[in-house]
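J.: Got a structure here, written out as structure tokens. Questions coming.
Readers should treat all values here as calculations from the given coordinates under stated rules, not as data from a laboratory. Note that this is a predicted model, so its numbers are computed, not measured. As a convention, Cβ positions derive from the backbone with ideal geometry for all residues, glycine included, and neighbour counts pool all protein chains shown.
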Amino acid sequence: MSRILALDHGSARCGCAISDPSGTLATPLGVVERPDSKAGLAALARIVDERSVERVVVGLPITLSGEHGEQAGAARTFAERLERRLNVAVELYDERLTTRLAERTGGAGDEDSRAAAHLLESYLAQGPKRPAQPGAQGSPSSAGSRE
């Protein structure tokens, strides 16, 4: 298996976490400031290159009732921009309750990156993934998320 980078997107900061090559462990990394900016996208591209990432998972903030609000739209737009910038698959994944878990559990890294680690742990627990294709379920250009 390859390394997967999970992102907990926010307009001011983006929490980051990476898997080990076996896809078993999720480790928080530092945050990327202003991820939607040119410099922010470049910083994320550097992480992908330097860490040999083969897939990026962007958290999709769906409400507890299953609705996609303004934040979900922003995450989808961000994932689409990231997909155009990178040469790896970018996928959306339901991030419900990851920030609350990060707040409650504490641990190494800042809260945003711990939330990204919880997102990645949930994603990895779903088992092996097939390559994302544009418009496929879970890809930024599709209407749904992987659940």
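J.: Picking from 45, 7, 26, whose Cα lies most toward the positive end of the charge dipole for the range 3-125 (charges on Cβ: Lys, Arg +1; Asp, Glu -1)?
T.: Projecting each Cα onto the dipole axis, the largest value belongs to 45.
J.: Let me ask something else. All other residues with a Cβ under 11 Å from the Cβ of residue 120 taken together, and with Lys, Arg as +1 and Asp, Glu as -1, what is their net charge?
T.: So the environment of residue 120 carries a net charge of -1.
J.: By the scheme Lys and Arg +1, Asp and Glu -1, what is the net charge of all other residues having a beta-carbon under 13 Å from that of residue 48?
T.: Once positives and negatives cancel, what remains is +1.
J.: Between residue 36 and residue 77, what is 0.36 nm times their sequence separation minus the Cα-Cα distance? Round to one decimal in nm.
T.: 13.8 nm
J.: Right, next: From the mean inverse distance of alpha carbon pairs (Kirkwood) and the Cα radius of gyration, derive Rg over Rh for the range 3-125.
T.: Over the Cα atoms of the range 3-125, Rg/Rh equals 0.93.
J.: Per residue, what volume in Å³ does the convex hull of the Cα atoms of the range 1-68 enclose?
T.: In the range 1-68, the Cα convex hull volume per residue is 99 Å³.
J.: Measuring from label point to label point, each 7 Å out along Cα→Cβ, what is the residue 68 to residue 45 span in nm?
T.: 2.6 nm
J.: Can you work out ³J(HN,Hα) from phi for every residue in the range 25-41, in order, using Karplus 6.51 cos²θ - 1.76 cosθ + 1.60 and θ = phi - 60°, giving whole Hz and x for Gly and Pro?
T.: Karplus-based 3J(HN,Hα) across the range 25-41 equals 10, 10, 10, x, 10, x, 8, 10, 6, 6, x, 7, 7, 4, 5, x, 5 Hz.
J.: Next question. Using Cα pairs closer than 8 Å and at least 6 residues apart in sequence, work out the relative contact order for the range 3-125, in percent.
T.: 33 percent
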